[in-house]
Amino acid sequence: MKIGVIQEPSYENRVSITPDIIDALGKLGFSVSIESKAGEKSFYSDADYTAAGALISSRNDILSTCDIITSIHQLDSDSAKLISKDKCYIGTLSPLATPQKMKELSANGAKIFSMDMIPRITRAQSMDVLSSQATVSGYKAVLLAASNYSRFFPMLTTAAGTITPARVLILGAGVAGLQAIATSRRLGAVVDVFDTRPEVKEQCMSLGAKFVEVEGAADASSSGGYAVEQSEDYKRRQKEAIAKFAEKADIIITTALIPGKKAPILITKEMVESMRQGSVIVDLAAVMGGNCEVTVNDKTILHNGITVIGNSNLPSTQPMDASKMYAKNILNFLKLFVNKEKQFSINLEDEIINTCMIADAGQIRHKAVLSLLN
């Protein structure tokens, strides 16, 4: 079976397969072809891929001859048309946000798998691209905030006096939020964190953050580890609590996303304007409208003296390690398709494969995507 690796759009620096996993893929029975210069922005040269055993090829050859195509972002329409029936396409496709695009991608009959639909179960942790890339986002969000902040992060005692530590408010204690806590604490900040799930309190506290509880949150235990919609009464009380902490915060990092829905507004315009000038907000939910009311996706703006950074693609700014983590996720996912006889087999009784498969033979088969289309 031949795996084809496609170069990402111009705004993306990552690549879906890195040279370090090509040998492991070979042992599973796969050969790898990669589009020329696809890894260049991640600092993996064509020579690195060749040395690892991959074949450098053109985009059209890969799309028309390879059995499995991998990418991070969705393919453009012209490229998708070259993936014929019985071939597989694996990427992070955001199917719940772009159901019509899924219909277009599947028109030629290819089997479509979306890595961001992997269930959050123990067996799937090594394949969870949302978690691996959120680790990068949480880490880089803090560094980005620190570089834009007008003051120091840690407490400093100097001959010129004592500098008080920065106060960081983190909204959402998923993977990105927990990494943001850890990185903020390493830089010496005081950290407060909100999350609707009381079960994450212990994790936050173990990293040195203060967990702020708002009682009455909707039970998220059956949501597969994702956030869920909250009642209007809870949102009101949450807003009041967040407003008190936002006023004292120097840095706010927001991470709250609900799959397939607009991001909830957690930081209102009034909250932004109550913050001290020179403070920073980094909104990791910008692509879905943002958790901050004044966020502009893919832009950094100054609102009333507050720097508001809307960036949902921070993993692209750390492309070498982010690509390596993504590639390991792909490798572990592909292991599910290889049986004991090293034959390629799509076992739809496997919960992970079944949950990730969006379309087959020209038909959308994922229930949530079908519901959105209908």
Restricting the stretch 250-275 to residues that are without any contact (Cβ under 8 Å) to a residue 40 or more places away in the chain and acidic (D, E), the one surrounded by the most Cβ atoms within 10 Å (Cβ to Cβ) turns out to be E273
Those residues of the stretch 1-32 that are polar (S, T, N, Q) and open to solvent by less than 10 Å² (accessible area, probe 1.4 Å) come to a total of 2
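Out of all the residues in the stretch 272-305, which are aliphatic (A, V, I, L, M) and more than 15 Å from I253 (Cβ to Cβ)? Show your work before the answer.
As a first pass, look at the stretch 272-305 and keep what is aliphatic (A, V, I, L, M): 272, 275, 280-282, 284-288, 294, 296, 301-302.
Those that are aliphatic (A, V, I, L, M) and more than 15 Å from I253 (Cβ to Cβ): V287, M288, V294, V296, I301, L302.
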Condition set assigned to a helix (DSSP H, G or I) and closer than 10 Å to V142 by Cβ, scope the stretch 177-206, selection most open to solvent (accessible area, probe 1.4 Å): answer is R186
Within the bounds of the stretch 339-356, is there any residue that is in contact (Cβ under 8 Å) with a residue 60 or more places away in the chain, part of a strand (DSSP E or B) and more than 22 Å from the chain's Cα centre (by Cα)?
yes
Of the conditions (1) within 30 Å of L370 (Cα to Cα); (2) part of a helix (DSSP H, G or I); (3) open to solvent by less than 60 Å² (accessible area, probe 1.4 Å), the single one that R123 does not satisfy is (3)
Q. Do we have any residue at all in the stretch 300-319 that's of a type in the set (A, V, I, L, M), surrounded by fewer than 19 Cβ atoms within 10 Å (Cβ to Cβ) and either closer than 21 Å to V136 by Cα or touching a helix residue (DSSP H, G or I) at 6+ places or on another chain (Cβ under 9 Å) (or both)?
A. no
Checked against (1) under 16 Å from S147 (Cα atoms); (2) open to solvent by 10 Å² or more (accessible area, probe 1.4 Å), D283 satisfies every condition except (2)
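Kindly indicate whether S94 is at pLDDT 95 or above and either in contact with a Ser or Thr (Cβ under 8 Å, 6 or more places away or on another chain) or small (G, A, S) (or both).
Numbers: at pLDDT 95 or above: no; either in contact with a Ser or Thr (Cβ under 8 Å, 6 or more places away or on another chain) or small (G, A, S) (or both): yes.
Against the criterion (at pLDDT 95 or above and either in contact with a Ser or Thr (Cβ under 8 Å, 6 or more places away or on another chain) or small (G, A, S) (or both)), S94 does not qualify.
Mind listing whichever residues of the stretch 106-120 are in a helix (DSSP H, G or I) and open to solvent by 20 Å² or more (accessible area, probe 1.4 Å)?
Restricting attention to the stretch 106-120, the residues satisfying the condition of being in a helix (DSSP H, G or I) are 115-117.
Across the stretch 106-120, the qualifying residues are D116, M117.
Please work out if G53 is within 20 Å of the chain's Cα centre (by Cα) and either of a type in the set (G, A, S) or surrounded by fewer than 14 Cβ atoms within 10 Å (Cβ to Cβ) (or both).
Values: within 20 Å of the chain's Cα centre (by Cα): no; either of a type in the set (G, A, S) or surrounded by fewer than 14 Cβ atoms within 10 Å (Cβ to Cβ) (or both): yes.
Judged against the criteria, G53 is not a match.
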Note on the stretch 224-262: residues over 21 Å from I309 (Cβ atoms), outside any helix (DSSP H, G or I) and modelled with pLDDT of 90 or more are none
Taking the stretch 66-77 and the residues there that are closer than 28 Å to K261 by Cα and surrounded by fewer than 20 Cβ atoms within 10 Å (Cβ to Cβ), the one that is modelled with the lowest pLDDT would be S77
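Report yes if some residue within the stretch 137-144 is outside any strand (DSSP E or B), closer than 24 Å to L331 by Cβ, at pLDDT 95 or above and open to solvent by 30 Å² or more (accessible area, probe 1.4 Å); otherwise report no. Step through it out loud before you land on a result.
Pass one, the stretch 137-144, residues outside any strand (DSSP E or B): 137-144.
From the residues that got through so far, the ones that are closer than 24 Å to L331 by Cβ too are 137-140.
The next check asks that each one be at pLDDT 95 or above; those that pass are 137-140.
Retained after the next criterion (residues that are open to solvent by 30 Å² or more (accessible area, probe 1.4 Å)): 139-140.
Yes, the conditions are met somewhere in the stretch 137-144.
The values are calculated or read from the model by the stated rules, or taken from the named source; none is laboratory data. Just so we're clear, the structure is a prediction, and the values are computed from it rather than from any experiment. As a convention, Cβ positions derive from the backbone with ideal geometry for all residues, glycine included, and neighbour counts pool all protein chains shown. Accessible surface areas use protein heavy atoms only, side chains included; no ligands, DNA or RNA. Shrake-Rupley method; radii C 1.70, N 1.55, O 1.52, S 1.80 Å.
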